[in-house]
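Bear in mind that the values in this text are calculations on the coordinates, not laboratory data. Keep in mind it's a predicted model, so treat the numbers as computed, not measured. Cβ coordinates were reconstructed from backbone atoms using ideal geometry, including for glycine residues, and neighbour counts include every protein chain displayed.
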Amino acid sequence: MSNDKNQSKKSALMGGEFLIKDARPEDVFIPEEFDEEQRMIAQSCKDFLASEVYPNLERIDNLEEGLMPSILDKAGELGLLGISVPEEYGGFGKNFVTSMLSAEETGAGYSFSVSISAHTGIGTLPILYYGTEEQKQKYLPKLATGEYKGAYCLTEPGSGSDANSGKSKAVLTKDEKHYVLNGQKMWITNGGFAHVFTVFARIDDDENLSAFIVDADSEGITLNPEEKKMGIKGSSTRQVFFNDVQVPAGNLLGKRNEGFKIALNILNIGRIKLAAAVLGGAKKTISQAVNYANERNQFGRPISKYGAIKDKLAKMAIKTYACESATYRASQNIEDLIKDLESQGTDPAKAALKGIEQYAVECAMMKVHGSETLDFVVDEAVQTYGGMGYSAESPVERAYRDSRINRIFEGTNEINRMLAVEMMLKKAMKGELDLMGPAKGVQDELMSIPDFDQSDEGLFSNEKRYVANFKKAVLMTAGAAAQKLMMELAKEQEVLMNIADMLIETYVAESVLLRVEKLVTFKGEEETLIQQNMARAYVFDAAEKIGRCGREALMSFAEGDELRMMMLGIKRFSKLDPVNIKELRRSVAQTIIDKNEYPF
């Protein structure tokens, strides 16, 4: 595949290293590099939504009996449920980036996107990555075709974000042939029609959960009625009750006590996959918004001719393009590490888990950024439609309601923000990431006279300098917080969330610059002027946010001369030269308006 080219020449950064090392454009993968086969798979997903999902949206939202499972069956016949499943178990055996692309394309499918991603992700991957050979042979071929539908039972009424506190219990029978499972699970996507549950429960009084493969037709399983939800109304969401359910001892998934680790690793995958899925939703919504803006006349001309609407369309597209750049950058890093580990003889399932675990920081960051990008896009789309956007007859009304769950799914955005910072600090404490050296360097720089030499030349010379300064802003703020608050930092959640936002904006700003810089080497500067404008506009917005979050964080724990010095530092590190942001955005908007769709 084209994204495997020059693999040996790449010097990919490890998870979190983006903060202390510079990536090169040649080291990142960009969506413009998808090969023919990947584009064909993407087109198959698009065509499937057009023929099977969009004509049936009302029926899907009304939870018509048997409809969603039948659509999943058709997806299975096309192979869309087995993209990640190895060929020996009846799947396509495609690489991680290809699975991300199919997640993106099906992500435009409203409730269907939730059902298919739950089935192909949390419904299938625990067995693929942790199952014994016997378990894989039994379940994966049927999950890959859709003969079996999968679901994942982790959350309980008393354990949401604190997943390891679940009360469900499993007790081994005296003959050691079965576990007797008791408990209650809630918010189970695909719960109403799943054949196979991955269920998390504590064996006896173990410290951690264990995981089990449970057949849905086992005696003792009952379901509550379908939940009534704000959005994603067409996805089946039910409570599942396990009352003395006999689970064969051979259906323990992974090792005893390993369930929490399995849950965390599967959530990491779910996070980065969600970042892909929301891209599909965002691109579709932008296209709907510009279609409407070009058709809707007010004061004698289409509303797309007005600056206020152009500003909305541009911001929606810029955020989406930047989010896509960072999502596929991280995805290819994961893919490269998986391939590298496999070439050293690591089992493919273990290689995949290690690859994803290495980039857990990036997975958490992109889950936050992606879900908030889609929320911004659908909100502005409703506003572009005006009163019509509030009508249930408009497509953006459904998009608006369906989007909201993404900031809660796969761990809330607040939890993911704090996780991203905590995981970075843990890597530093373990010696995997040298944050202290660069943080000390930034402190020394604050005490010295600023270097005003800005003689760099070449494309994005200013923007690269800005991103280098963003990294200094993060290192200074996080370093000072860790030094000052020490063990209390974990309790200062507001500070952690500020630092997380600085971290996310830095990563995404750098990613969009790297993408466009690489694109210029393919197409030339003249052909990529709009993409350059998008990158510059994103860096402008990132600087604003980094400056504000940095000031908020510092004022929360520093004082006196130390605070004054670091506030000057934040000002210096988030400072930009003046740029006509209106013209940058207008050029982007005009391209979208002329093409009458999201064209990038």
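The figures follow:
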| quantity | calculated |
| --- | --- |
| Estimated D of the range 290-390 in µm² per second, where Rh is the Kirkwood radius over Cα pairs and Stokes-Einstein applies at 4 °C, 1.567 mPa s | 80 µm²/s |
| Space enclosed by the convex hull of the alpha-carbon atoms of the range 8-92, per residue, Å³ | 184 Å³ |
| Separation between Cα centres of the range 124-164 and the range 228-261, rounded to whole Å | 8 Å |
| Gained length - E26 relative to M436, 0.36 nm times residue gap less alpha-carbon distance | 144.8 nm |
| Span from the the range 281-340 Cα centroid across to the the range 28-76 one, whole angstrom | 20 Å |
| Point-to-point label distance, N164-L446, nm (Cα→Cβ direction, 7 Å offset) | 3.4 nm |
| The chain: angle of helix 307-343 to the longest principal axis, Cα-based, in degrees nearest 10 | 60 degrees |
| The chain - mean residue ellipticity at 222 nm from DSSP helices (-39,500 (n - 2.57) per run, n ≥ 4, rounded to 500) | -18500 deg cm²/dmol |
| With Cα atoms, 0 to 90° folded angle of helix 360-385 axis to the chain main axis | 80 degrees |
| Total formal charge among the other residues, if their Cβ is under 15 angstrom from that of M497, Lys/Arg +1 and Asp/Glu -1 | -1 |
| Relative contact order [Cα under 8 Å, 6+ residues apart], the range 341-492, whole percent | 19 percent |
| Separation of alpha-carbon centers, the range 382-452 and the range 532-600, rounded to whole Å | 14 Å |
| Label-point separation, M388 to E414 (7 Å along Cα→Cβ), nm | 3.8 nm |
| Full-extension gain in nm, E457 to E133, via 0.36 nm per residue minus C-alpha separation | 111.0 nm |
| Environment charge of D434, counting only residues whose C-beta is closer than 13 Å and scoring Lys/Arg +1, Asp/Glu -1 | +2 |
| Filtered trypsin sites (Lys or Arg not before Pro), the range 174-237: DSSP coil and at most 10 other beta carbons within 10 Å | K174, K228 |
| Rg/Rh for the range 151-257, where both radii come from Cα atoms and Rh is the Kirkwood radius | 0.97 |
| Dimensionless Rg ratio for the chain, taking C-alpha atoms and the 2.2 N^0.38 Å reference | 0.98 |
| Those lysines that a straight Cα-Cα span of less than 22 Å connects to K575, excepting residues fewer than 8 apart in one chain | K21, K315, K319, K440, K464, K471, K472, K545 |
| Whole-number percent relative contact order across the chain, with pairs defined as alpha carbons under 8 Å at least 6 apart | 15 percent |
| For the range 2-148, fraction of C-alpha pairs farther apart than 27 Å, in % | 34 percent |
| Where labels lie 7 Å past Cα in the beta-carbon direction, separation of R256 and Q43 in nm | 5.4 nm |
